[in-house]
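Nothing in this text is a laboratory measurement; each read-out follows from the coordinates by a stated rule. All figures in this text were calculated on a predicted structure; none of them were measured in a lab. Every residue, glycine as well, gets a Cβ built from its backbone with ideal geometry; the counts of neighbours run over all protein chains shown.
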């Protein structure tokens with residue numbers, strides 16, 4: 001199945017938007033929401049609605065797998081439901097107040113900072129994937 005990027009961004013209006021980054025598709029899915037979680041849910045619903053519409057009309061529908069890519073504000077908004085900024089600060093080594101500025105969109109991280117945060121999050125996720133419990 002083809003992988004398509006779904007870009008999640010927080011524009012200056014404070015809402016969240018998602019769009020497919022695929023110019024070669026016969027359809028386009030977009031969504032908005034007041035939170036990144038709401039936008040993701042709206043995006044998935046939009047995809048299913050387009051799929052149903054194509055099926056009803058007897059048209060070929062190319063199913064795809066989405067790879068969600070976040071700007072920093074959207075990522076922090078979505079994942080602070082699971083991690084506090086203090087916890088993310090400990091994981092990434094980025095100051096909590098700096099993360100707060102990124103979360104609100106008041107500041108944008110540099111490419112180096114983005115890479116540092118991404119590597120730290122991936123390392124943490126890999127560490128968690130190796131956790132096993134005993135009964």
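Computed values, structure above
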{"item": "Calculated FRET efficiency for the pair residue 13/residue 110, C-beta based, R₀ 35 Å, to 0.05", "result": "0.90"}
{"item": "Mean residue ellipticity (222 nm) of the chain, computed from DSSP H runs ≥ 4 via -39,500 (n - 2.57), nearest 500", "result": "-15500 deg cm²/dmol"}
{"item": "Cα gyration tensor shape for the stretch 1-70, rounded if a/c is under 1.5, else prolate or oblate", "result": "prolate"}
{"item": "At 1.002 mPa s and 20 °C, Stokes diffusion of the stretch 83-135 via Kirkwood alpha-carbon radius, µm² per second", "result": "178"}
{"item": "Efficiency of FRET from Cβ geometry, residue 96 and residue 125, R₀ 25 Å, rounded to 0.05", "result": "0.80"}
{"item": "Of (i) 183; (ii) 156; (iii) 111, the label for volume of the Cα convex hull per residue in Å³ derived from the coordinates", "result": "(ii)"}
{"item": "Gained length - residue 27 relative to residue 57, 0.36 nm times residue gap less alpha-carbon distance", "result": "9.4 nm"}
{"item": "Extension reserve of the residue 79-residue 50 stretch, reckoned as 0.36 nm per residue once the Cα distance is removed", "result": "7.7 nm"}
